[in-house]
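Engineer: First the structure, then my questions, so here it is.
The values are calculated or read from the model by the stated rules, or taken from the named source; none is laboratory data. Predicted model, so just to flag it, every value in this text is computed and none were measured. Note: ideal-geometry Cβ built from the backbone for every residue, glycine included; neighbour counts use all protein chains shown.
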Amino acid sequence: MNQVERLSQFLKQQARAWLYAEALTLTIAIAFVDYITGPEVAIYPFYSIPILLMIWFGDMPSAIVISILSTIAWWTVDRAVGHAYSSEWLRMWDAVVRLMFFSLVLFAAWSVKRQRDEARARIELLERSEQLEQEIIEISEREQERIGRDLHDGVCQYLAAIGITASMLKRDIEKTSESLAAKVEELANHIRDAAARVRQLARGLSPVDRDEGGLESALEELASSTAKLTGISCSFVCPCPAPNLENTPVYSSFSDRAGGSQ
């Protein structure tokens, strides 16, 4: 952080009363320099400095007050140095012209500050929107992983147990009725097929392990299962190790393509 940024941060953190006092002190100092230099040297543009200070780090009402005080300070100094006018109204007119100049400076600075604040607000809103979008994606992925684990650890285990029970029942029934045993064997095959499909569904919801090589192993398993389901030779070849990333969208893209080819 450079000196200008440090000064800006210091002024932003100051209390409004201190900032107002500093602007008044600066106005008095400029008026003193104006008094020393006399009417031959135009110092009045420097009265804009405390006005800019108040509009940038303070508020509009305080800046308006400082601009009026700057006009009064210039008028007082102009009279004190004995600047001669053919009519006192001309001095008043010059004071009005100075006030108009200070007002233009004030509103120009206020417009620039407002545009800067609006741009900063839009940037912050955009950053917040991106952050919320990322949080929603992470929540969705965690929920998919939870559902996938529940399917794998719950439903798949129940189906596997039912399949084993059906196989045992088939062996018992073979002693009495071969036709009935064949039907039980068909039922067991359906149960095993249902368990495999549920396992594939669970793997689709939570396909990629978070550790290194998770994406590569998931794609290898996807290629193997696609080959089994379609009867078409399918393999996964990766010339270099897959990076350790949040790769669920990558897996989903390959899975969608494989599903479309079935």
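Engineer: Inside segment 168-187, can you point out the residues that are among the small types (G, A, S) and at pLDDT below 75?
Structural biologist: If the condition is that a residue be among the small types (G, A, S) and at pLDDT below 75, then S177, S179, A181 are the ones that fit.
Okay, residues lined up against (1) of a type in the set (S, T, N, Q); (2) surrounded by 14 or more Cβ atoms within 10 Å (Cβ to Cβ); (3) touching a strand residue (DSSP E or B) at 6+ places or on another chain (Cβ under 7 Å):
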| position | (1), (2), (3) |
| --- | --- |
| R98 | no, yes, no |
| V105 | no, yes, no |
| S111 | yes, no, no |
| E124 | no, no, no |
| E135 | no, no, no |
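Engineer: To continue, here is another question. Please go through segment 55-102 and pick out each residue that is part of a loop (DSSP other than H, G, I, E, B) and among the hydroxyl-bearing types (S, T, Y). Before you say what the answer is, go through the steps one by one.
Structural biologist: Within segment 55-102, the first condition is being part of a loop (DSSP other than H, G, I, E, B), and the residues that meet it are 58-59, 81-87.
Hits for segment 55-102 are Y85, S86, S87.
Engineer: If you go through segment 92-108 one residue at a time, do you hit one that is more than 30 Å from I36 (Cβ to Cβ) and of a type in the set (K, R)?
Structural biologist: No, every residue in segment 92-108 fails to be more than 30 Å from I36 (Cβ to Cβ) and of a type in the set (K, R).
Engineer: While we're here: Quick test for you: out of S140, S129, pick the one residue that is of a type in the set (S, T, Y), modelled with pLDDT under 90 and surrounded by 10 or more Cβ atoms within 10 Å (Cβ to Cβ).
Structural biologist: Only one candidate passes the filter, namely S140.
Engineer: Looking at K183, K175, K170, which one is of a type in the set (K, R), free of Cβ contacts under 8 Å to residues at least 24 places away in the same chain, assigned to a loop (DSSP other than H, G, I, E, B) and outside the structural domain of P61 (by TED's automatic domain parsing)?
Structural biologist: K175
Engineer: I need every pair where a residue in segment 23-50 that is assigned by TED's automatic domain parsing to the domain that holds I64 and part of a helix (DSSP H, G or I) has its Cβ under 7 Å from the Cβ of a residue that is modelled with pLDDT of 90 or more and of a type in the set (D, E, K, R), sequence separation at least 6 or different chains.
Structural biologist: Short answer, once both residue conditions are applied: Y44/R98.
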